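Right, one structure below, let's go through it.
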Amino acid sequence: MIHSLFLINSSGDIFLEKHWKSVVSRSVCDYFFEAQERATEAENVPPVIPTPHHYLLSVYRHKIFFVAVIQTEVPPLFVIEFLHRVVDTFQDYFGVCSEPVIKDNVVVVYEVLEEMLDNGFPLATESNILKELIKPPTILRTVVNRSTNVGDQLPTGQLSVVPWRRTGVKYTNNEAYFDVIEEIDAIIDKSGSTITAEIQGVIDACVKLTGMPDLTLSFMNPRLLDDVSFHPCVRFKRWESERILSFIPPDGNFRLLSYHVSAQNLVAIPVYVKHNISFRDSSSLGRFEITVGPKQTMGKTIEGVIVTSQMPKGVLNMSLTPSQGTHTFDPVTKMLSWDVGKINPQKLPSLKGTMSLQAGASKPDENPTINLHFKIQQLAISGLKVNRLDMYGEKYKPFKGIKYMTKAGKFQVRT
Amino acid sequence: MTDSKYFTTTKKGEIFELKAELNSDKKEKKKEAVKKVIASMTVGKDVSALFPDVVNCMQTDNLELKKLVYLYLMNYAKSQPDMAIMAVNTFVKDCEDPNPLIRALAVRTMGCIRVDKITEYLCEPLRKCLKDEDPYVRKTAAVCVAKLHDINAQLVEDQGFLDTLKDLISDSNPMVVANAVAALSEIAESHPSSNLLDLNPQSINKLLTALNECTEWGQIFILDCLANYTPKDDREAQSICERVTPRLSHANSAVVLSAVKVLMKFMEMLSKDLDYYGTLLKKLAPPLVTLLSAEPELQYVALRNINLIVQKRPEILKHEMKVFFVKYNDPIYVKLEKLDIMIRLASQANIAQVLAELKEYATEVDVDFVRKAVRAIGRCAIKVEQSAERCVSTLLDLIQTKVNYVVQEAIVVIKDIFRKYPNKYESVIATLCENLDSLDEPEARAAMIWIVGEYAERIDNADELLESFLEGFHDESTQVQLQLLTAIVKLFLKKPTETQELVQQVLSLATQDSDNPDLRDRGYIYWRLLSTDPVAAKEVVLAEKPLISEETDLIEPTLLDELICYIGTLASVYHKPPSAFVEGGRGVVHKSLPPRTASNESTESPETAPAGAPSGEQPDVIPTQGDLLGDLLNLDLGPPVSGPPLATSSVQMGAVDLLGGGLDSLMGDEPEGIGGPNFVAPPAAAVPANLGATMGSGLSDLFDLTSGVGTLSGSYVAPKAVWLPAMKAKGLEISGTFTRQVGSISMDLQLTNKALQVMTDFAIQFNRNSFGLAPAAPLQVHAPLSPNQTVEISLPLNTVGSVMKMEPLNNLQVAVKNNIDVFYFSTLYPLHILFVEDGKMDRQMFLATWKDIPNENEAQFQIRDCPLNAEAGRPGGNKNAGSTGEWAHKALFILFAPR
């Protein structure tokens, strides 16, 4: 199972190590550094690195490498999933997950890591339980620095049939909020037709309900959800037979469901990009023009639009004028970024101008790809709609809310 | 006011100061001090000197302080074993604490103290905890057994903890079950032989029940454990599959992949006609696709596994091509894997889309990726015949971009396309030749040279092109040199008149000026071929080449089946069986897919062959590996010899001979050397080959009763083979053969003195052998044999010596003596030398003789691939065939040819 964990920052310092079995020398990370050097960018470091006696599995999050050391045949996904869970837990505990924050809370970090694994076997990874075992730092406690952050009670939830929920939850305001968030991953080709498009959706919940509520959530069009992964609390049998989500929710924030609407179902593309990027051979000037406009938005406004593009190396500088928003071009990284804001269908935003190219060089081989970010409030682009939410098992009347949002995931337009 | 204050060290006597604080009376101060100690420990400072002081803080009611001390203990107990014993008492006490959290914590920490002395004290508390009323304590104790086993395996076995652990599999609490399974799996890994997890339908049922209720991690352990079970029939397999399928919707990707493993494995047992089989196939696709929307690290592992799944059951993902399309900001390791799977999924239906994508990728920035994309286009061309034309034109477009590495990759793959579709796309050669100068990578140069050599007759200036390469011959890599040699020889065979000089030049460059044995040997082979028999050379060098196979770098089916059992593990990431890389091969058990055992007797036997294994593979198709060198060797030397394996040659001689004699004769007669017969047919191979030939010809002769007797005088004589290499016999080399001349057997020997001294006093003796072969006269070497001299002697033999059955039958052990020493060697003699020429026998007589042979002397075996003509068996009557020679009365019966 998992032997050790090293946290390494982007400058290659090991700033934290934790061993669950015998101590593995730091020098094992040298293999990792080698691989890091070979990969030009941090993102490109291979996640599985073999060394003579160990295997290093790593994830890169928040500019920190989380490197797990294993010695025997262990499912790598198990390790990687666990590392992600560590990151999530840190974020949950400290708000952000960064080197200074981890260093500031090193004792809590150690206690948490100790609780998460025992001899390399996962022990408590549900944040509900962890928080009962080890209390997250609060402002009060850091100021007073007196009270302990270790709970002295056996986490009750850990043994019940609903290990994700602690008992004896009490709220004065009982509320349950659900956010349906969909991300569109798409590749659009030169001519504007869709090569591939898919939707990654999640339903995140924030449930603050007293006691042991039993919730059911039903959809207007559940047949959209044919590829789903559930939080362990969801009763799979009822979903299979009735297509409703029935569950006793964990306390607080959690992801109830994630789903995937694949390329085979037609995915509506809410924006289009018109582009005209041309380099001429001999000339040291190129033309650049892009326009962004709404396509299938179901009458909603597209906002938070950001256009980024990695320009070819031969581009020295760009002189552009946007019809709205602000733009920047970094001549070192060749990254063009245009913060558009809202799209007004009456007056489409555009960015026009020229590019100055290296004199004498032939025109670049590669065409820049345009990356698009945007948000659409109050719309789930797949058309998913929640029908109703019912609560059983408790007597009070909770406050319920549901919110929809569509975002661009990896939305790329080729030119 | 954060924890960072623990790290600040301003004063020099830090350890001393901490010591004082640890011994303070104030609880708060103590706790702060322990925190500081832990902080120092975590950044790698040595605070082991504080051991006794920290252990003193252990006896406390404060849970946090206790935990901190435990943390410290785990880290340093190893270096301070004597001190650690002080802590034992507290552990034992804590294991009795009313609070289950404390009990669990104590048993957990105990296991982490890796000190032999302590482990003995831990057995009792551990035993109690394994039977604790609180499941939380039990599940912690289960893991502790695994820890203890790691430290002292013997102790765990002696104390019977393993049995207790097995009992926990039937525990009422799913979490306890999961942990017990995990602990047992880990222990089993170091004991591959012990059957710790002997699964039976009852325990499987328990596991499946626990599967639904335990944590995600527990589900992984249970699923991995289930995958090791072999259901007894397809019904059981199906029922397990049905209960595992819901796991495919789990949010944890490791659970999903482990479930996929179980399903992929058990599916093997299900009949394909079953409705459920189709349902299952459909259910497998969405979760695999979903894995690809996860973080890149997860994607990578998923993709490596999907690569296996696609090879095993391509039908699962055949409609999902698009999800493998590459996004430009995917990490490179994801991009390369996606590309690989795209090619595997490419088919006639989606090839247009795939090609458009690949062309797009070929203009990206990342060099590695672009190269692989170009290569992928070539692989598509080879895989999907209908697309070949499109691929070639795409490649030509790419060559026009003049981007150096793109051009080079394109040329390498075009070479493969030529090999798959000969005489179809040669019109593009002109374009390729234009780019000759820009090629600087060995593989691309070699590919280009191959093309020029292969199509020399269509390229007007082929000789000039090749000559230009020849100038820097010695600076080229071996790959290019070998290729150049072959190409020029091809050119010579096609246009002999104008290229004689060129071929001379390259042969001398290869044979005389090169240090590379491969190159030199290939040079010699060509040289001798050309000088011996140019027509034969043409047949060999310009032989029709086998086509390269469609599917490149497929994993070999048996390995693939094994890897399917390892889905989700490191083995699946490396595409190697664990035995290939797991440290020391410890705990490696070969897994294999379960055979399909249908409960309802199905008669369709061809269906039971493992699905997915390409059965209709053409024998003349060789897979293209990256190894160009190996390929070309195969290519140029024609299809591999499909004769009988050489293993039948004499044991003592075989290998040594090849090296000794073969090399000697190779090196011995230098350039003018027209390889003697023993060059063309290596000595060791000669014996069995002759045997085969003899059987064939001898047999038909024997049975050919209509043809005259006595014509056998010119019977077949095998070329001389080296029997005793000089290096084994202090300079005496003996080669020889057996002949039969008009009724008398003789052994023709050639003795060569390769030593520096004169040899005299030769004598020869045979060991007892199957047919009583013995020298009929002493060995006559008239004059002393001076260095480097050779004599030829014919030694008459008779068959009156004593008899002993040898293995193989025609084995003959010979001792040769001279003034230096006695040397022994063994050889095989062809059986036909024993056959009498007047073998013609009256039909009655034959039958009588046949019946005279006692039954116990009759042995039957089949001779395969023996070219017998239709006449062959005729006289044998209902006993099929028989042949008796003068040795028949010795009751050894050897030929029994089937009709």
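The values are calculated or read from the model by the stated rules, or taken from the named source; none is laboratory data. Since the model is a prediction, treat every value here as computed from it, not as a measurement. When we count neighbours, we look across all protein chains shown, and the Cβ atoms used for this are built from the backbone with ideal geometry, even at glycine. Ligands, DNA and RNA are excluded from the accessible area calculation, which covers all protein heavy atoms including side chains. Shrake-Rupley method; radii C 1.70, N 1.55, O 1.52, S 1.80 Å.
Could you run through the range B:382-403 and say how many residues are farther than 19 Å from residue B:346 by Cα and surrounded by 15 or more Cβ atoms within 10 Å (Cβ to Cβ)?
Within the range B:382-403, the first condition is being farther than 19 Å from residue B:346 by Cα, and the residues that meet it are B:396-403.
When the remaining residues are screened for being surrounded by 15 or more Cβ atoms within 10 Å (Cβ to Cβ), the result is B:396, B:398-399, B:403.
Within the range B:382-403, residues that are farther than 19 Å from residue B:346 by Cα and surrounded by 15 or more Cβ atoms within 10 Å (Cβ to Cβ) number 4.
Could you figure out which of (1) open to solvent by 60 Å² or more (accessible area, probe 1.4 Å); (2) touching a Leu at 6+ places or on another chain (Cβ under 8 Å); (3) not in a strand (DSSP E or B) isn't true of residue B:757?
(2)
Filter the range A:378-415 down to the residues that are part of a strand (DSSP E or B) and of a type in the set (D, E, K, R) and list them by number.
A:388, A:390, A:400, A:403, A:407, A:410, A:414
Scanning the range B:273-290 for residues that are aliphatic (A, V, I, L, M) and out of contact with any Ser or Thr (no Cβ under 8 Å at 6 or more places or on another chain), which turns out farthest from the other protein chains (Cβ to nearest Cβ)?
First pass over the range B:273-290, keeping only residues aliphatic (A, V, I, L, M): B:274, B:280-281, B:284-285, B:288-289.
In the following step, the residues that additionally are out of contact with any Ser or Thr (no Cβ under 8 Å at 6 or more places or on another chain) were identified as B:274, B:281, B:284-285, B:288.
Numbers: B:274: 20, B:281: 15, B:284: 11, B:285: 9, B:288: 10 Å.
Applying the filter and picking the extreme gives B:274.
For residues that are basic (Lys, Arg), within 11 Å of chain B (Cβ to nearest Cβ) and either on the phi > 0 side of the Ramachandran plot or part of a helix (DSSP H, G or I) (or both), tally how many sit in the range A:91-135. It would help to see each step written out before you state the result.
So in the range A:91-135, the residues basic (Lys, Arg) come out as A:103, A:131, A:135.
From what is left, the residues that are within 11 Å of chain B (Cβ to nearest Cβ) are A:103, A:135.
Then drop every residue that is not either on the phi > 0 side of the Ramachandran plot or part of a helix (DSSP H, G or I) (or both), which leaves A:103.
Count: 1.
Within the range A:34-49, track down each residue that is of a type outside the set (A, V, I, L, M) and touching a residue at least 12 places away in the same chain (Cβ under 8 Å).
A:36, A:43, A:47
Looking at B:322, B:327 in this structure, which one is over 21 Å from residue B:223 (Cβ atoms), modelled with pLDDT under 90, within 9 Å of chain A (Cβ to nearest Cβ) and in a helix (DSSP H, G or I)?
One residue alone meets the criteria, B:322.
Would you pick out the residues in the range A:201-211 that are touching a residue at least 60 places away in the same chain (Cβ under 8 Å) and either more than 11 Å from chain B (Cβ to nearest Cβ) or open to solvent by 30 Å² or more (accessible area, probe 1.4 Å) (or both)?
Listed by number, the residues that qualify are A:209, A:210, A:211.
Can you confirm whether residue A:73 is surrounded by 21 or more Cβ atoms within 10 Å (Cβ to Cβ), over 28 Å from residue B:64 (Cβ atoms) and within 11 Å of chain B (Cβ to nearest Cβ)?
When the stated conditions are applied, residue A:73 does not pass them.
Could you name every one of the strands (runs of 3 or more DSSP E) located completely within the range A:301-368 that has at least 3 residues being under 26 Å from the mean Cα position of the chain (by Cα) and either in contact (Cβ under 8 Å) with a residue 40 or more places away in the chain or over 21 Å from residue A:411 (Cβ atoms) (or both)? Walk me through how you get there before you give the answer.
Numbers: elements: A:302-310, A:315-322, A:326-330, A:335-341, A:350-357.
Counting at least 3 such residues, we get A:302-310.
So which residues in the range B:734-751 are without any contact (Cβ under 8 Å) to a residue 40 or more places away in the chain and open to solvent by 20 Å² or more (accessible area, probe 1.4 Å)?
B:741, the sole residue that qualifies.
Tell me which of these residue B:293 doesn't satisfy, since it passes every other one: (1) under 22 Å from residue B:344 (Cβ atoms); (2) touching a residue at least 12 places away in the same chain (Cβ under 8 Å); (3) of a type outside the set (A, V, I, L, M, F, W, C); (4) within 9 Å of chain A (Cβ to nearest Cβ).
(2)
So if I check each of B:15, B:38, which one is at pLDDT 75 or above and within 18 Å of residue A:104 (Cβ to Cβ)?
Only one candidate passes the filter, namely B:38.
In the range A:29-50, which residues are aromatic (Phe, Trp, Tyr) and either open to solvent by 10 Å² or more (accessible area, probe 1.4 Å) or at the interface with chain B (Cβ under 8 Å from one of its Cβ atoms) (or both)?
The answer is A:31, A:33.
Across the range B:67-93, what is the number of residues that are within 14 Å of chain A (Cβ to nearest Cβ), part of a helix (DSSP H, G or I) and open to solvent by less than 10 Å² (accessible area, probe 1.4 Å)?
Qualifying residue count, the range B:67-93: 5.
Among A:151, A:157, which is the only one that is at pLDDT below 80, surrounded by fewer than 18 Cβ atoms within 10 Å (Cβ to Cβ), in contact with a helix residue (DSSP H, G or I) (Cβ under 9 Å, 6 or more places away or on another chain) and farther than 30 Å from residue A:268 by Cβ?
Details: A:157 fails: surrounded by fewer than 18 Cβ atoms within 10 Å (Cβ to Cβ).
Residue meeting the stated conditions: A:151.
For residues in the range A:263-300 being under 27 Å from the mean Cα position of the chain (by Cα) and part of a strand (DSSP E or B), which is nearest to the other protein chains (Cβ to nearest Cβ)?
The qualifying residue nearest to the other protein chains (Cβ to nearest Cβ) is A:273.
Checking residue B:559 against (1) in contact with a helix residue (DSSP H, G or I) (Cβ under 9 Å, 6 or more places away or on another chain); (2) farther than 27 Å from residue B:490 by Cα, which test does it fail?
Every listed condition holds for residue B:559 apart from (1).
Which members of the range B:47-66 meet the condition of being open to solvent by less than 40 Å² (accessible area, probe 1.4 Å), within 14 Å of chain A (Cβ to nearest Cβ) and more than 57 Å from the chain's Cα centre (by Cα)?
Result: B:60, single match.
Every residue in the range B:836-868 that is open to solvent by less than 30 Å² (accessible area, probe 1.4 Å) and modelled with pLDDT of 70 or more, please.
Within the range B:836-868, just B:836 meets the criteria.
Could you grab the pairs with beta carbons closer than 7 Å, sequence gap of 6+ or different chains, first residue in the range B:357-374 and more than 10 Å from every other protein chain (Cβ to nearest Cβ) and surrounded by 20 or more Cβ atoms within 10 Å (Cβ to Cβ), second one small (Gly, Ala, Ser) and in a helix (DSSP H, G or I)?
B:358/B:373; B:358/B:376; B:361/B:373; B:374/B:410
Picking from A:26, A:38, which residue would you name as being in contact with a strand residue (DSSP E or B) (Cβ under 8 Å, 6 or more places away or on another chain), over 30 Å from residue A:166 (Cβ atoms) and of a type outside the set (A, V, I, L, M)?
Values: A:38 fails: in contact with a strand residue (DSSP E or B) (Cβ under 8 Å, 6 or more places away or on another chain).
Selected residue: A:26, the only one of A:26, A:38 that is in contact with a strand residue (DSSP E or B) (Cβ under 8 Å, 6 or more places away or on another chain), over 30 Å from residue A:166 (Cβ atoms) and of a type outside the set (A, V, I, L, M).
Going by what's in this entry, would residue A:5 be described as touching a helix residue (DSSP H, G or I) at 6+ places or on another chain (Cβ under 6 Å) and either assigned to a helix (DSSP H, G or I) or more than 11 Å from chain B (Cβ to nearest Cβ) (or both)?
No.
Any chance the range A:51-60 includes a residue that's open to solvent by 10 Å² or more (accessible area, probe 1.4 Å) and under 14 Å from residue A:7 (Cβ atoms)?
yes
Applying the selection to the range A:212-229, what residues are assigned to a strand (DSSP E or B) and open to solvent by 30 Å² or more (accessible area, probe 1.4 Å)?
Residue satisfying the conditions is A:214 alone.
With the requirement that a residue be among the small types (Gly, Ala, Ser) and open to solvent by 10 Å² or more (accessible area, probe 1.4 Å), what does the range B:404-430 give you? So that I can check it myself, show each step before the final result.
First, the residues of the range B:404-430 that are among the small types (Gly, Ala, Ser): B:410, B:427, B:430.
Once the filter is applied, which keeps residues that are among the small types (Gly, Ala, Ser) and open to solvent by 10 Å² or more (accessible area, probe 1.4 Å), the range B:404-430 yields B:427, B:430.
Looking at the structure I just gave you, is residue A:243 touching a residue at least 12 places away in the same chain (Cβ under 8 Å), open to solvent by 30 Å² or more (accessible area, probe 1.4 Å), within 24 Å of the chain's Cα centre (by Cα) and within 14 Å of chain B (Cβ to nearest Cβ)?
Against the criterion (touching a residue at least 12 places away in the same chain (Cβ under 8 Å), open to solvent by 30 Å² or more (accessible area, probe 1.4 Å), within 24 Å of the chain's Cα centre (by Cα) and within 14 Å of chain B (Cβ to nearest Cβ)), residue A:243 does not qualify.
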